[in-house]
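Notes to accompany the following structure.
Rule-based calculations on the coordinates, nothing more; no lab input. Fair warning: this is a prediction, and the values are worked out from it, not measured in the lab. Methodologically, a virtual Cβ is constructed for each residue, glycine included, from the backbone with ideal geometry; neighbour enumeration extends over all protein chains shown.
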Amino acid sequence: MTEGLEQAPSRQRRRFPDISSRTYEHPADRSALVALRKLSGFDTVFKALSGLLPERSLRLLFLSDSVRVSDAQFAHLHTMLRDACYILDLEKVPPMYVTQDPKPNAMCIGLDEPLIVVTTGLVELLDEEEMRAVVGHEVGHALSGHAVYRTVLLFLTNLALKVAWIPLGNVAITAIVTALREWFRKSELSADRAGLLVGQDLHASMRGLMKIAGGNHLHEMNVDAFLEQAEEYEAGGDLRDSVLKILNVLPRSHPFTTVRPAELKRWAESRDYQRIMDGHYPRREEDKDASVGDSFRESASHYADTVRTSKDPLMKLVGDIAGGAGDLGGRLRDRFTGAAGAANGSDAASPGEKGE
């Protein structure tokens, strides 16, 4: 269903005509997407897969067992959805459903066309501005094409369960699922940024994430204290805790809830975010010229910065080892190229001379 976007947002917000999803994508997410978009025949392969994936079944399921958002049903969500598409300049408004589930959740799935689903638990939990950020989050998934990979992840996860009895088959599928989950955790950080661009209210975005963690008890919670939790999580403990953090996050498709508002706040305070709000951002017409190499270098640089600045004990150890290896490599290079002698000055004694 294609709908016009002539309706302006309900309150004055900045709009981003022709904005590329690269604008808000996390570096690790962006590098993967740029590479996939460059693969010749990638779209054809996934369209061929669509016959195997349960997408048609999912669409029929939500159509038959959920409430479709429209002017007549959940009209306030429909307005938010249109607003989000207007702000991010997404021409085709994706269908959206509300499904009965007390657990607060939302998702964007689909190969050919994205489909947004939110649970009643989420609708009842969040206020208008918090919900606006969530709707923007899901529209960001749609604009980036994340729905394709989420659908594949769901399919592979189900496949892994079915082939668990096959020794090597399960190992291969599990490896792919693990890699997809790591990518998807980064894509969630990208979508959080898209939600902020739509809602343009950092406190509402952080409040929503805090409610997902602790429920509708804002009078009992504090954003600053919640952010301190993220700081304590990142810096606390010893190497044993660092390993446990990795093991805890591996089976998850989303980053931990305390980590997300801290990541979003850092981005909102960055120069990149201010440039976007000033109207300086990549356009979709430039996507075809995006460099895979540049994207991977940016991703590698981001991970290097993360290791260097992290307060996590394991990350600090990795940084120290990397730095020590770099120093050792430099010393070995100098030793065997004679750079050390040159660095000591020209007055160093030669082999046949005695120093004074």
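What to note about this one:
- Neighbourhood charge, 14 Å Cβ-Cβ cut-off, centred on Val67 and excluding it, Lys, Arg +1 and Asp, Glu -1: -3
- Gain upon complete extension [Phe256, Met277; 0.36 nm per residue less C-alpha separation]: 4.8 nm
- Backbone amide hydrogens, once placed in the peptide plane, bring Tyr97 within less than 5 Å of Val69, Ile116, Val117, Val118, excluding anything fewer than 5 places away on its chain.
- Each residue of segment 82-87 was assigned a 3J(HN,Hα) from its phi angle through the Karplus expression (A = 6.51, B = -1.76, C = 1.60, θ = phi - 60°), giving 5, 4, 4, 5, 5, 5 Hz with x at Gly and Pro.
- The alpha carbon radius of gyration of segment 65-133, expressed as a multiple of 2.2 N^0.38 Å, is 1.05.
- Net charge of neighbours whose Cβ lies under 11 Å from the Cβ of Asp18, counting Lys and Arg as +1 and Asp and Glu as -1: -2
- Available extension along the chain between Gln73 and Arg15 is 18.3 nm, counting 0.36 nm per residue and deducting the alpha carbon span.
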